[in-house]
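Enquirer: Before I ask anything, let me first share the structure, which is written out below as structure tokens.
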Amino acid sequence: MNKKSVIYIAITIILLAIEVFIALFIHDRFIRPYVGDVLVMMVMYTFVRIFVPEKIKMLPWVLFAFAVIVEVAQYFRIVELLGFVENSFFSVLIGSVFDIKDIVCYAIGTMLIVIGQKIYNRYYSK
């Protein structure tokens with residue numbers, strides 16, 4: 001395992017801890033529904049980068065497309081179609097309520113990743 005992978009593991013764990021904290025202890029109308037959705041994109045990105053530490057220019061957009069597909073699947077009640085209604089883990093993981101605002105949050109998270117990549121590449125990647 002190389003140094004970049006270890007760094008991405010650490011970042012993923014920190015971001016996951018923040019997500020869990022938000023889910024368990026924050027019950028407001030902004031941080032939980034919106035910041036959590038922005039952060040989920042970063043969690044997915046850093047998690048994939050553990051296994052693929054070299055730059056993949058399109059990775060943020062592939063992850064955004066994945067998130068949108070999952071969100072659209074919620075519109076078609078995929079949890080019910082797959083029979084996961086009684087399984088709280090999969091119900092929470094996949095989600096059960098379509099909301100266009102979630103897609104906006106995923107887009108914001110994706111843009112933050114792209115901007116972060118550009119800053120990193122400009123100042124730290126040699």
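Enquirer: Under 6 Å by Cβ, and 6 or more places apart or on different chains, what pairs join a residue from the range 1-21 that is at positive phi and modelled with pLDDT of 95 or more with one that is in a helix (DSSP H, G or I) and surrounded by 12 or more Cβ atoms within 10 Å (Cβ to Cβ)?
Expert: none
Enquirer: Continuing with the same structure: If you check PHE90 against the conditions, is it part of a helix (DSSP H, G or I), surrounded by 14 or more Cβ atoms within 10 Å (Cβ to Cβ) and of a type in the set (Phe, Trp, Tyr)?
Expert: For PHE90, the condition - part of a helix (DSSP H, G or I), surrounded by 14 or more Cβ atoms within 10 Å (Cβ to Cβ) and of a type in the set (Phe, Trp, Tyr) - is met.
Enquirer: Of all residues being among the basic types (Lys, Arg) and in contact (Cβ under 8 Å) with a residue 40 or more places away in the chain in the range 22-56, which is nearest to PHE98 (Cα to Cα)? Just the residue, please.
Expert: The extreme case among them is ARG49.
Enquirer: Filter the range 35-63 for residues that are under 18 Å from VAL104 (Cα atoms) and aromatic (Phe, Trp, Tyr); which is least open to solvent (accessible area, probe 1.4 Å)?
Expert: Only one residue fits best here, namely TYR45.
Enquirer: With respect to ARG32, is the statement that it is open to solvent by 50 Å² or more (accessible area, probe 1.4 Å), of a type outside the set (A, V, I, L, M, F, W, C) and in contact with a helix residue (DSSP H, G or I) (Cβ under 8 Å, 6 or more places away or on another chain) true?
Expert: When the stated conditions are applied, ARG32 passes them.
Enquirer: Mind counting the residues in the range 93-116 that are open to solvent by 90 Å² or more (accessible area, probe 1.4 Å) and not in a loop (DSSP other than H, G, I, E, B)?
Expert: Adding up the residues that qualify gives 3.
Enquirer: Name every residue in the range 30-42 that is among the hydrophobic types (A, V, I, L, M, F, W, C) and out of contact with any Ser or Thr (no Cβ under 6 Å at 6 or more places or on another chain), in order of residue number.
Expert: Listed by number, the residues that qualify are PHE30, ILE31, VAL35, VAL38, LEU39, VAL40, MET42.
Enquirer: So ALA73 ticks every box in (1) within 27 Å of MET1 (Cβ to Cβ); (2) assigned to a helix (DSSP H, G or I) but one. Which box is left unticked?
Expert: Looking at each condition in turn, ALA73 falls short on (1).
Enquirer: Restricting the range 1-29 to residues that are assigned to a helix (DSSP H, G or I) and in contact with a Pro (Cβ under 9 Å, 6 or more places away or on another chain), which is most open to solvent (accessible area, probe 1.4 Å)?
Expert: LYS3
The values are calculated or read from the model by the stated rules, or taken from the named source; none is laboratory data. The structure displayed is predicted, hence computed values, not measured ones. Glycine gets a Cβ as well: all are built from the backbone with ideal geometry, and neighbour counts include every protein chain shown. Surface accessibility is based on the protein's heavy atoms, side chains included, excluding ligands, DNA and RNA. Shrake-Rupley method; radii C 1.70, N 1.55, O 1.52, S 1.80 Å.
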